[in-house]
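Asker: One structure coming up, written as structure tokens, with questions to follow.
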Amino acid sequence: MTGRVFEIREFTLQDGPGPRTTVFLQGCPLRCAWCHNPEGQAFGGGREMTDCEVADGVLKTADFLIGSGGGVTFSGGEPLAQAGFVSAVIARLRAAEPRLTYAVETSGFAPAEAYREAVSQMDLVLQDLKFPDLEGYRRWTGVDASLIFTNLAWLKTSGIPFVARIPCIPGVNDTREAKEGMARLLADAPNLVKVELLPYNRFAGAKYAKLGRVYSPGFDEDRAPDLSPLRLDGNWDRGMGNG
Ligand code: SF4
């Protein structure tokens, strides 16, 4: 089986617990105005690789990952746009090294069946959440996010540990109203490990010129996003803050 990959990066530290080897899958159906990986958006880019090639690339670091409490992360682009390929890579890896653990970083924008099949194989899900409602997604990412909310609802009942990652974009989704809405969506999830508020990456625009694209995000980049943590009620004890 083949898939499109734009990088296999070793020793990443932001993609789950411990040091990771992260497989960046090519292609994303969203067009977030602030995307800092524009080279990963187009489905036609990257490199075509077989599941064996990707597994072999990851296995070079397996002993280190196991010994250091790290693991393998699938990111992108949107990795679950190639959910079947992700599953094929994991099958290869499990056969070669059963002690490896897995995480996926996903927008959640994938058909429900594909999402459930791939996510069920993970030890941890890094689930992006950008808005509490369809309108925010439509305006700033260009998609109908019904799938995302359907998949999030399933994730909350799945028992699979997940981290909610919220990119905080100044003037876009860092309002009290938006953050409270997202916190309400997450508050009843028993498998929520923590919420990470990720500050807008002010260097996001640098890669666009190299791709012959103009970076014009449509919000005030110079304004610092509001990263203040929220506590909706006295029972919120799983953390809602940075990292
Ligand atoms: S979901 Fe991620 S990769 Fe896709 S456009 Fe948005 S920020 Fe970029």
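Asker: Could you tally the net charge around VAL104, taking each other residue with its Cβ under 13 Å from the Cβ of VAL104, Lys/Arg +1 and Asp/Glu -1?
Answerer: Once all neighbours under 13 Å are counted, the net charge is -3.
Asker: Let me ask another. Would you mind pulling out the separation of the Cα centroids of segment 73-135 and segment 1-57, in Å?
Answerer: A separation of 12 Å, based on Cα centres.
Asker: Right, here's the next one. With θ taken as phi - 60° and the coefficients 6.51, -1.76 and 1.60, list the Karplus ³J(HN,Hα) couplings across segment 73-79 in order, rounded to whole Hz; mark glycine and proline as x.
Answerer: 10, 9, 9, x, x, 10, x
Asker: Placing +1 at every Lys and Arg Cβ and -1 at every Asp and Glu Cβ, with all other atoms neutral, what dipole size does the chain have around its Cα centre, in debye to the nearest 20?
Answerer: 180
Asker: Expressed as a rounded percentage, what relative contact order does the chain have, with Cα pairs under 8 Å and six or more residues apart?
Answerer: For the chain, the relative contact order is 17 percent.
Asker: Oh, and also: Can you list the residues, at least 5 places off or on another chain, whose amide H is less than 5 Å from the amide H of LEU126, using H built in the peptide plane?
Answerer: Correct list: VAL104, GLU105, THR106, VAL163.
Asker: Cut-off is 10 Å between beta-carbons; in what order do ASP128, ASP188 appear when sorted fewest neighbours first?
Answerer: Fewest to most other Cβ atoms nearby, the residues stand as ASP188, ASP128.
Asker: Once you compute Rg and the Kirkwood Rh from C-alpha atoms, what is the Rg to Rh ratio for segment 59-111?
Answerer: 1.00
Asker: Can you compute the helix-only [θ] at 222 nm over the chain? Use -39500 (n - 2.57) per DSSP H run of at least 4 residues, normalise by all residues, nearest 500 deg cm²/dmol.
Answerer: -8500 deg cm²/dmol, from helical runs alone.
Asker: Ordered by residue, what ³J(HN,Hα) values in Hz, to whole numbers, does segment 169-176 give under the Karplus form 6.51 cos²θ - 1.76 cosθ + 1.60, where θ = phi - 60° and Gly and Pro are x?
Answerer: 9, x, x, 9, 9, 9, 6, 4
Asker: Also, quick follow-up: Please turn the phi angles of segment 185-195 into ³J(HN,Hα) values with the Karplus equation 6.51 cos²θ - 1.76 cosθ + 1.60 (θ = phi - 60°), one per residue in order, whole Hz, x for glycine and proline.
Answerer: 5, 9, 4, 9, 9, x, 9, 6, 7, 6, 10
Asker: Let me ask another. Taking the alpha-carbon set of segment 2-241, what are its Rg and Dmax in Å?
Answerer: For segment 2-241, the Cα-based Rg and Dmax read 17.5, 50 Å.
Coordinate-derived values only; no laboratory data. These figures come from a predicted structure and were not determined experimentally. Virtual Cβ from ideal backbone geometry, glycine too; neighbours counted across all protein chains shown.
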